[in-house]
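One structure is given below, encoded as structure tokens.
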Amino acid sequence: MRKLLAFAAVYLIWGSTYLAIGVGVRDIPPFLMAGVRFFTAGAILFLFARRGEAPLTRREWAEAALAGLLFFTAAHGLGHWAQVRIPSGAAAVLVATVVFWIAGLDAAFVARRRPSLVAILCTVTGFSGVVVLVAPWRSEAVLDPAGVIAMLLGPIAWATASLWSRRPSMPRCLPLSAGAQMLVGGAALLLLGTVSGQWSQVSLADIGAPAFAALLYLVVFGSIVAFVAYTWLLAHVEPALAATYAFVNPLIAVVLGGLILGEDLSPRIWLALALIVVPVALLQWNETRTRPALAAGVGRPPAPPSRGLLHAADRAGRPRRPGFR
């Protein structure tokens, strides 16, 4: 029963974060929304996980800070910014390309091996789905190019951070590490929102109840509850099984966006979803079979991760100091 509830949390909550972001950025500037979300969630996670744990060293703080800047400031910042311009379902489908970037960057710079034929075919098929998604179809609206580019750059930052976070010098308590990363990434997002003048674009009186509810949902459920459920799964099931949310979340996001926000549910969306998500699942299976360590690092966010904290899975096989799960 616990496993069922944990999987439900990871699938449904992380899949619904795209919808929540789409609702929130209607009233709250994207960098400020993401900054408040991650700084608040990071503070809660860090203070809670800090109990019974040794303080982070300067080296651990430096490692976590760089990961946080990549995971949250770059990847999630771009994702929140893009969802002002493109639908939440399309954003979720584009985010799934992170799996191809993780596999490619790992093969090129970490394992230093040629990608397998399966990986090449999956990647080509996956990015053909991107073409289907962004190309104009008859009279259907074309996705905003800037939003699409942002949603394609975000996964590159996320993939880079996922590989970086597997370094042995990273903090070993996953919740403590995630809290530190969110604190740094959230603070940088707030600074970015300040520098870009987003405070002048927002007034508390102009923020509707749906946007407040969306932000609260992202802090409590998207960035804390789902993360706790995910780290619990990592301790009780195979990492590759826990990472299956990578190809479940886009489907949930597309359906919710269509049903609640009235977003596009045309054949183009479903074809693009199939062309991207099916190769993601196949690549996940292939990498699990050939390189279990890499398979643990495959995933989303995110959601954003937090449309997801995929970096937790990257180090699932490493020994960890006790932390809350």
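The values are calculated or read from the model by the stated rules, or taken from the named source; none is laboratory data. Just so we're clear, the structure is a prediction, and the values are computed from it rather than from any experiment. Don't worry about glycine lacking a Cβ; one is built from the backbone with ideal geometry, like all the others, and counts go over all protein chains shown. Note: accessible area is taken over every heavy atom of the protein model, side chains too, but ligands, DNA and RNA are not part of it. Shrake-Rupley method; radii C 1.70, N 1.55, O 1.52, S 1.80 Å.
Points to keep in mind about this one:
- With respect to the conditions (1) closer than 26 Å to Ser196 by Cβ; (2) buried (at least 24 other Cβ atoms within 10 Å of the Cβ), Val99 falls short on a single one, namely (1).
- Pair list, Cβ under 7 Å, 6 or more apart: segment 205-224 residue within 16 Å of His80 (Cβ to Cβ), other residue of a type in the set (A, V, I, L, M) and assigned to a loop (DSSP other than H, G, I, E, B): Ile207/Ile28; Ala211/Ile28; Leu215/Ile28; Gly222/Ala303
- All told, Gly257 falls short of being over 16 Å from the mean Cα position of the chain (by Cα), at pLDDT 70 or above, open to solvent by 50 Å² or more (accessible area, probe 1.4 Å) and under 23 Å from Pro30 (Cα atoms).
- Tally, over segment 6-43, of residues that are open to solvent by 20 Å² or more (accessible area, probe 1.4 Å) and more than 23 Å from Gly179 (Cβ to Cβ): 8
- Any chance Phe46 is open to solvent by 10 Å² or more (accessible area, probe 1.4 Å) and of a type in the set (Phe, Trp, Tyr): yes
- Sole exception among (1) open to solvent by less than 40 Å² (accessible area, probe 1.4 Å); (2) more than 18 Å from the chain's Cα centre (by Cα); (3) modelled with pLDDT of 90 or more for Leu189, by number: (2)
- Number of the condition not met by Ser169 [criteria: (1) hydroxyl-bearing (Ser, Thr, Tyr); (2) out of contact with any Gly (no Cβ under 8 Å at 6 or more places or on another chain); (3) surrounded by 15 or more Cβ atoms within 10 Å (Cβ to Cβ)]: (3)
- Exclusive hit being in contact with a helix residue (DSSP H, G or I) (Cβ under 7 Å, 6 or more places away or on another chain) and at pLDDT below 90, set Ala240, Ala235: Ala240
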